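Report on one structure; see the data block that follows.
The values are calculated or read from the model by the stated rules, or taken from the named source; none is laboratory data. This one's a predicted model, so the numbers in the text were calculated from it and none came from an experiment. Every residue, glycine as well, gets a Cβ built from its backbone with ideal geometry; the counts of neighbours run over all protein chains shown.
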Amino acid sequence: MPDAMLLIAAVGLPFAGAFAAVLLPTHARDAAAWLAGAITLAALAMVWLAFQTVADGGVLRYEIAWMPSVGLDFSLRMDGFAWMFAGLVTGIGFLVVLYARYYMSPEDPVPRFFAFLLAFMGAMMGVVLSGNLIQLVFFWELTSLLSFLLIGYWHHTQGARDGARMALTVTAAGGLCLLAGVLVLGHIVGSYRLDEVLTAGVRIQSHPLYLTALVLILLGALTKSAQFPFHFWLPHAMAAPTPVSAYLHSATLVKAGVFLMARLWPVMAGTDAWFWIVGTAGLVTLVIGAYIAIFQHDIKGLLAYSTISHLGLVTLLLGLNSDLAMVAAIFHMMNHAMFKASLFMAAGIIDHETGTRDIRRLSGLNRSMPFTARLALVAAAAMAGVPLLNGFLSKEMFFAEALTAEAPLPSAFWVLPVLAMVASAFAVTYSLRFIHGAFFGPDPMDLPRAPHEPPAWMRFPVEILVLACIMVGVLPAATVGPFLDMAVRAVLGDATPVYSLAVWHGFNQPLVMSLLALAGGVLLYLLLQRHLLGGAEGVPLLRRLEGQRMFERTMVFLSWRLARTLEALLGTRRLQPQLRLVVGVAVLAAGWAVSLRSFAPGNLLPSDIDPVIALVWVVGAACALGAAWQAKYHRLAALILLGGAGLVTCVTYVWFSAPDLALTQLLVEVVTTVLLLLGLRWLPKRLDAPGARPAEVVTATRRLRDLALAGAAGAGMAALSYGVMTRLPPELLAQHFLKLAYAEGGGTNVVNVTLVDFRGFDTLGEITVLGTVALTVFALLRRFRPAPDSVDLPEQQRDQSAEDEARPDRVDGDSLADWLLVPAVITRLLFPVIGLIALFLLLRGHDLPGGGFVAGLVMSVAFILQYMISGANWVEARLRILPLRWISLGLLLAAGTGMAPWLFGLPFLTAYFSYAELPGLGAVPMASALVFDLGVFLLVVGATVLMLIALAHQSVRGHRAATRPAAARPPIPSAGRIAAAVGED
Amino acid sequence: MELIVSLAIGVLAGSGVWLLLRPRTFQVIMGLSLLSYAVNLFIFSTGGLRTGAAPVLEHGVPGNLAQHADPLPQALVLTAIVISFATTALFLVVLLASRGLTGTDHVDGRERDG
């Protein structure tokens, strides 16, 4: 099988399996287990197939360029070290799957469990097989996320949720540090490819950023591997189902940290900084973890702290900056994976068959479950480092290293061996406690369940692992030798030292230390018996050292106190200060930019001032200022003045050669004014009482400040505009558009050609926005409830009605109809004329001012006029406008025109045009852009009309609601009525 | 001429900003409209102020900047005008809904305390 296929399968299969498992029914336990088992075996087979190549010193590689310009490639790489880890991940993974099949209860949603587990396995394979550091970090964070899901699998319990959250917070935060560190490392090396990073050791260590990269990367690795002071998350992760603990804390999640340190060891290690950081963290973790483990009453808690301690051992070995220590570290990674996985499984069996994990309640299980007891005994002995078991071998190597390590402080040469021995004695003590506490002593009293042996297949994985512990312990060179050699050579290369994998090295110092530790551990256990049997909670001497409490405090501080303080200091829920801030910052930023580069008018000579336009703008400015002045108390006046300013703007467009803009502005002005007029009715009355109460000082100050801000913004805009207008950039896109408008767009109105052809995609987006806004307006108004004081009929309408009611020959509404009779006749006559104008503007748009937007607005004005003059009821009785249909048709037409070129193999929105000879009319331009423009037209009509009608209908509703006495009249026309009016039932 | 138009933009923007900072929703909507005039004029003016040079070509003759005004800012502003109409409409409806829900037309949904 080619390397590429093999690597992709090894990483991809677990993910594919996870996806398949998700699709299984919730309680398909067996199917999910079979699937997971088959997938894991297949992945294991992939790893095994790669063995020969890797054993010969080869490296399997597979790369797909993804974003090569920034050094991001999908890259898989398998050397001996990665092979060893991949083997552990899939091998122990398979045993865990088998075990989980029997451990998980049929009531649990087991397929989800296996889906998470498989995805986690895939992520872990991604970590160990990544050939690119960024990609490695990606998979790294993926393992954090998936471990969150796995630990929180029983999310109905508080402990699982807390444990999962803590694990995620700590490891993912570490992962972010790692990402930063990897970016720095990539910056130093100039590449994120592992192959290149691993050959750049000298450059990395001599670079000024070395320490930064080192600290950041180590933060990632040490949090992941639960090293002091980040160790506290691991015991809480024990809330996970036991197979998860067996997997995460033996071969995978926590090993990722030490994996990474070992991976980068050849290029990052060897410095004092590395020695002090890694070595200290490892040593402290080794001792404290082992010490705390002794006092755990929960057997999983005991194993958790033991895991922390053993990871500390590995970390310490990595920190010693010695090649032989590196060998010992890799060896211990393998050994620990084996005995710890089996111990967790044994703990799970005890929990499963007795219903408790509390050592104080367990006792004498040796009689009811003798097989499990013996298996656990052997595994625990391996953990304690008893001779003839694998743990002993790597511990011997560790002792040898501890004795020969070059201490930077010569007077402290004894510290390391002594602490190593102490920690080793602690390991003996907690192993003894586990075995003696659970399996020996009197028969257990009142356990939740009567203990008995588990199903044979549930014990099978433990048997395999324990067998491996014994085999490696007795015949190390024959069993694990080749794999270890392969892994070590992959990391150390030519620097691989000579080491001996023998059980018996003679009666030497390490052996003496081992024997001392064994004896010391047993003695300590005997001494502590009474204290432990007392069942006191907590750890003597270290009670105050609770990482969890620090974590909680930090979290409370960060996510609550700090956030609240910052919000109180900097935040406000009031709009005005926010807007003031936005405008203020904008003004300041512009001022800052000007102060940096100085400000001067451009090189173009300003053209002469035309008195007409100057006069027009005197009016325009007066209108704008008047609108600003009157908007509070005289809304109608302000609205009229706003219209004045709009008209002057429109005149400016005409004057300065923008007929399309002028047309659009004029029509939008009309529609906006109608819209705002419709809204006025729902606003509260506010009467101006000048001088009644002088403005308070605070208010006056605020107004002055706002005035200053507005003045600054206005002056700034004026200066900016002047500066821009007096400059002409040398290369304008316009030249391109002007040249090609006719040749390629087939139209002479360059603005329109730009809209429907050159920048057609923009226009498509913009009409989509317009349609969305119209639908939003419609949706918001369906549930509209006016304020109580706006429900009554307006005064003017009441006057009219009063007049009608006063005279017997008239009915309500007659006055209105009479007054508007002449305009009504005119607008009804005008309706087809306006429609024709709209059509004319639409058709000529490509060549002359006009186009879809303008025509659409004209058409909607035609509709609105009818509504305004004759009233909604009159219009809807005669004309059913279906704006939603117009909108959808318009959007479909525009998008369809865009997609049509696909049929001819052309890109989206490619325009087509030609001239068609029509009898009697001569050559008529037929451009696909016209169809697009038709879509724009339909959508603009639909959107505008929908918004205006929806708003207008509120008045009808309000009117009916107000005039309805108690229950005599028909029910209030509500959402349904507007819906009917716009054609949607 | 440039001076007149830039002063006009300044006045429109200044009035708009003033209204934007007022407490009543109707004032804010007026302010947004004025501000959009100012911004549209500004974008338009980046193409230069030209008289009698509408970007409409003769049939069959490619255009050039000597005879025609810059069409690009015009095209941008054209859609901007329509979109600003849409946002005005949306804001108006939100304003009305907020007034219906809270009974006040203050921008914060409640009158200022004290």
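Among the helices (runs of 4 or more DSSP H) confined wholly to segment A:548-657, which include 1 or more residues that are touching a residue at least 12 places away in the same chain (Cβ under 8 Å) and of a type outside the set (A, V, I, L, M)? Full working, then the answer.
Numbers: elements: A:563-570, A:575-597, A:611-630, A:635-655.
Hits in segment A:548-657: A:575-597, A:611-630, A:635-655.
Quick check, is A:Pro808 in contact with a Gly (Cβ under 8 Å, 6 or more places away or on another chain), farther than 30 Å from A:Val654 by Cβ and of a type outside the set (D, E, K, R)? Walk me through it before giving the result.
On the way: in contact with a Gly (Cβ under 8 Å, 6 or more places away or on another chain): no; farther than 30 Å from A:Val654 by Cβ: yes; of a type outside the set (D, E, K, R): yes.
Against the criterion (in contact with a Gly (Cβ under 8 Å, 6 or more places away or on another chain), farther than 30 Å from A:Val654 by Cβ and of a type outside the set (D, E, K, R)), A:Pro808 does not qualify.
Does A:Arg77 count as surrounded by fewer than 24 Cβ atoms within 10 Å (Cβ to Cβ), at pLDDT 90 or above and within 32 Å of the chain's Cα centre (by Cα)? Give the derivation first.
On the way: surrounded by fewer than 24 Cβ atoms within 10 Å (Cβ to Cβ): yes; at pLDDT 90 or above: yes; within 32 Å of the chain's Cα centre (by Cα): yes.
In short, yes.
For A:Gly538, only one of the following conditions fails: (1) surrounded by 15 or more Cβ atoms within 10 Å (Cβ to Cβ); (2) away from chain B (no Cβ under 14 Å). What is its number?
Failed condition: (1).
When the residues of segment A:206-215 are narrowed to those that are more than 29 Å from the chain's Cα centre (by Cα) and under 16 Å from A:Val278 (Cα atoms), which ends up surrounded by the most Cβ atoms within 10 Å (Cβ to Cβ)?
A:Tyr210
For segment A:45-59, does any single residue satisfy the condition of being among the small types (Gly, Ala, Ser), in a helix (DSSP H, G or I), surrounded by fewer than 22 Cβ atoms within 10 Å (Cβ to Cβ) and free of Cβ contacts under 8 Å to residues at least 12 places away in the same chain? Talk me through it step by step, then tell me what you get.
If we filter segment A:45-59 for residues that are among the small types (Gly, Ala, Ser), which is where we start, we get A:45, A:50, A:55, A:57-58.
With the extra rule that they be in a helix (DSSP H, G or I), the set shrinks to A:45, A:55.
Filter once more, keeping what is surrounded by fewer than 22 Cβ atoms within 10 Å (Cβ to Cβ): A:45, A:55.
Keeping just the survivors that are free of Cβ contacts under 8 Å to residues at least 12 places away in the same chain gives A:45.
Yes, segment A:45-59 has at least one match.
Would you mind finding the one in A:Leu253, A:Leu260, A:Leu264 that is more than 19 Å from A:Asp79 (Cβ to Cβ) and not assigned by TED's automatic domain parsing to the domain that holds A:Leu318?
On the way: A:Leu260 fails: more than 19 Å from A:Asp79 (Cβ to Cβ); A:Leu264 fails: more than 19 Å from A:Asp79 (Cβ to Cβ).
Sole residue among the options that is more than 19 Å from A:Asp79 (Cβ to Cβ) and not assigned by TED's automatic domain parsing to the domain that holds A:Leu318: A:Leu253.
Could you please give the count of residues in segment A:763-775 that are at the interface with chain B (Cβ under 7 Å from one of its Cβ atoms) and not aliphatic (A, V, I, L, M)?
Of segment A:763-775, the ones at the interface with chain B (Cβ under 7 Å from one of its Cβ atoms) are A:763, A:766, A:769-770, A:773.
Pick out the ones that are also not aliphatic (A, V, I, L, M) and you get A:763, A:766.
Matching residues across segment A:763-775 total 2.
Let's see how each residue does on (1) more than 9 Å from every other protein chain (Cβ to nearest Cβ); (2) in contact with a Cys (Cβ under 6 Å, 6 or more places away or on another chain):
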site: A:Trp592; (1), (2): yes, no
site: A:Ala600; (1), (2): yes, no
site: A:Tyr633; (1), (2): yes, no
site: A:Trp655; (1), (2): no, no
site: A:Gln665; (1), (2): no, yes
site: A:Leu680; (1), (2): no, no
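Which residues, counting only those in segment A:348-367, are assigned to a helix (DSSP H, G or I), surrounded by fewer than 24 Cβ atoms within 10 Å (Cβ to Cβ) and within 40 Å of the chain's Cα centre (by Cα)? Lay out the reasoning, then the answer.
The first filter runs over segment A:348-367 and keeps only residues assigned to a helix (DSSP H, G or I), leaving A:348-354, A:365-367.
Filter again for surrounded by fewer than 24 Cβ atoms within 10 Å (Cβ to Cβ), leaving A:351-354, A:366-367.
Within segment A:348-367, A:Asp351, A:His352 qualify.
Within segment A:404-487, which helices (runs of 4 or more DSSP H) (wholly inside it) include 1 or more residues that are polar (S, T, N, Q) and within 28 Å of A:Phe51 (Cβ to Cβ)?
Details: elements: A:415-439, A:456-474, A:476-479.
Of the helices (runs of 4 or more DSSP H) lying wholly inside segment A:404-487, those with at least 1 residues that are polar (S, T, N, Q) and within 28 Å of A:Phe51 (Cβ to Cβ) span A:476-479.
Any residue that is without any contact (Cβ under 8 Å) to a residue 60 or more places away in the chain, facing chain A (nearest Cβ under 7 Å) and crowded, with 23+ Cβ neighbours inside 10 Å - is there at least one of those in segment B:90-98?
yes
Report whether or not B:Gly109 is surrounded by fewer than 24 Cβ atoms within 10 Å (Cβ to Cβ) and more than 7 Å from chain A (Cβ to nearest Cβ). Talk me through it step by step, then tell me what you get.
Numbers: surrounded by fewer than 24 Cβ atoms within 10 Å (Cβ to Cβ): yes; more than 7 Å from chain A (Cβ to nearest Cβ): yes.
Yes: the conditions hold for B:Gly109.
Do we find a residue being more than 7 Å from chain A (Cβ to nearest Cβ) and part of a loop (DSSP other than H, G, I, E, B) anywhere in segment B:66-83? Walk me through how you get there before you give the answer.
Looking only at segment B:66-83, we keep the residues that are more than 7 Å from chain A (Cβ to nearest Cβ), and these are B:66-67, B:73, B:76, B:80.
If we keep only those that are part of a loop (DSSP other than H, G, I, E, B) too, we end up with B:66-67.
Within segment B:66-83, one or more residues are more than 7 Å from chain A (Cβ to nearest Cβ) and part of a loop (DSSP other than H, G, I, E, B).
Looking only at segment B:19-56, filter to residues that are of a type in the set (Ser, Thr, Tyr), facing chain A (nearest Cβ under 7 Å) and in a helix (DSSP H, G or I); which one of those is farthest from A:Thr748 (Cα to Cα)?
In the first step, residues of segment B:19-56 are kept if they are of a type in the set (Ser, Thr, Tyr); the result is B:25, B:33, B:36-37, B:45-46, B:51.
Then keep just the ones that are facing chain A (nearest Cβ under 7 Å); that gives B:33, B:37, B:45-46, B:51.
Checking which are in a helix (DSSP H, G or I) leaves us with B:33, B:37, B:45.
On the way: B:Ser33: 32, B:Tyr37: 27, B:Ser45: 22 Å.
The selected residue is B:Ser33.
If you go through segment A:186-200 one residue at a time, do you hit one that is buried (at least 22 other Cβ atoms within 10 Å of the Cβ), among the small types (Gly, Ala, Ser), at pLDDT 90 or above and under 29 Å from A:Arg61 (Cβ atoms)?
No, because not a single residue in segment A:186-200 is buried (at least 22 other Cβ atoms within 10 Å of the Cβ), among the small types (Gly, Ala, Ser), at pLDDT 90 or above and under 29 Å from A:Arg61 (Cβ atoms).
Check whether at least one residue in segment A:758-776 is of a type in the set (S, T, N, Q), assigned to a helix (DSSP H, G or I) and more than 20 Å from B:Thr87 (Cβ to Cβ), and report yes or no. Talk me through it step by step, then tell me what you get.
Filtering segment A:758-776 down to residues of a type in the set (S, T, N, Q) leaves A:763, A:768, A:772, A:776.
From what's left, assigned to a helix (DSSP H, G or I): A:763, A:768, A:772, A:776.
Those left that are additionally more than 20 Å from B:Thr87 (Cβ to Cβ): none.
No.
Mind checking which residues of segment A:718-738 are part of a loop (DSSP other than H, G, I, E, B), within 22 Å of B:Gly63 (Cα to Cα) and at the interface with chain B (Cβ under 7 Å from one of its Cβ atoms)? Let's see the steps before the verdict.
Kept after step one, since they are part of a loop (DSSP other than H, G, I, E, B), are these residues of segment A:718-738: A:726-732.
After this cut, where a residue has to be within 22 Å of B:Gly63 (Cα to Cα) as well, the list is A:727-732.
Correct list: A:Leu728, A:Leu732.
Filter segment A:208-228 down to residues that are in contact with a Gly (Cβ under 6 Å, 6 or more places away or on another chain) and either in a loop (DSSP other than H, G, I, E, B) or under 20 Å from A:Phe148 (Cβ atoms) (or both), then give me how many there are.
Qualifying residue count, segment A:208-228: 6.
If I filter segment A:776-788 for residues that are more than 30 Å from B:Leu101 (Cβ to Cβ) and more than 7 Å from chain B (Cβ to nearest Cβ), do I get at least one hit?
Step one: filter segment A:776-788 for residues more than 30 Å from B:Leu101 (Cβ to Cβ), giving none.
Looking for residues that are more than 30 Å from B:Leu101 (Cβ to Cβ) and more than 7 Å from chain B (Cβ to nearest Cβ), one finds none in segment A:776-788, hence no.
Among A:Leu884, A:Leu848, which is within 14 Å of chain B (Cβ to nearest Cβ), in contact (Cβ under 8 Å) with a residue 60 or more places away in the chain and surrounded by fewer than 24 Cβ atoms within 10 Å (Cβ to Cβ)?
Details: A:Leu884 fails: within 14 Å of chain B (Cβ to nearest Cβ).
Of the residues listed, the single one that is within 14 Å of chain B (Cβ to nearest Cβ), in contact (Cβ under 8 Å) with a residue 60 or more places away in the chain and surrounded by fewer than 24 Cβ atoms within 10 Å (Cβ to Cβ) is A:Leu848.
Determine whether A:Leu286 is in the same structural domain as A:Val422 (by TED's automatic domain parsing) and buried (at least 24 other Cβ atoms within 10 Å of the Cβ).
Numbers: in the same structural domain as A:Val422 (by TED's automatic domain parsing): yes; buried (at least 24 other Cβ atoms within 10 Å of the Cβ): yes.
Judged against the criteria, A:Leu286 is a match.
Which one of these is in contact with a Phe, Trp or Tyr (Cβ under 6 Å, 6 or more places away or on another chain) and either at pLDDT 90 or above or polar (S, T, N, Q) (or both): A:Ala638, A:Ala627, A:Ala662, A:Ala658? Don't jump to the end; show me each part of the working.
On the way: A:Ala638 fails: in contact with a Phe, Trp or Tyr (Cβ under 6 Å, 6 or more places away or on another chain); A:Ala627 fails: in contact with a Phe, Trp or Tyr (Cβ under 6 Å, 6 or more places away or on another chain); A:Ala658 fails: in contact with a Phe, Trp or Tyr (Cβ under 6 Å, 6 or more places away or on another chain).
The unique qualifying residue is A:Ala662.
State whether one or more residues within segment A:494-515 are under 30 Å from A:Gly93 (Cβ atoms) and charged (D, E, K, R). Please lay out each step first, then the result.
To start, the set of residues in segment A:494-515 that are under 30 Å from A:Gly93 (Cβ atoms) comprises A:496, A:499, A:501, A:503.
Next cut, charged (D, E, K, R) only: none.
The answer is no; no qualifying residue exists.
Going through A:Gly905, A:Gly871 one at a time, which residue ends up being on the phi > 0 side of the Ramachandran plot and loosely packed, with under 12 Cβ neighbours inside 10 Å? Let's see the steps before the verdict.
On the way: A:Gly871 fails: loosely packed, with under 12 Cβ neighbours inside 10 Å.
None of the other options fit; the residue is A:Gly905.
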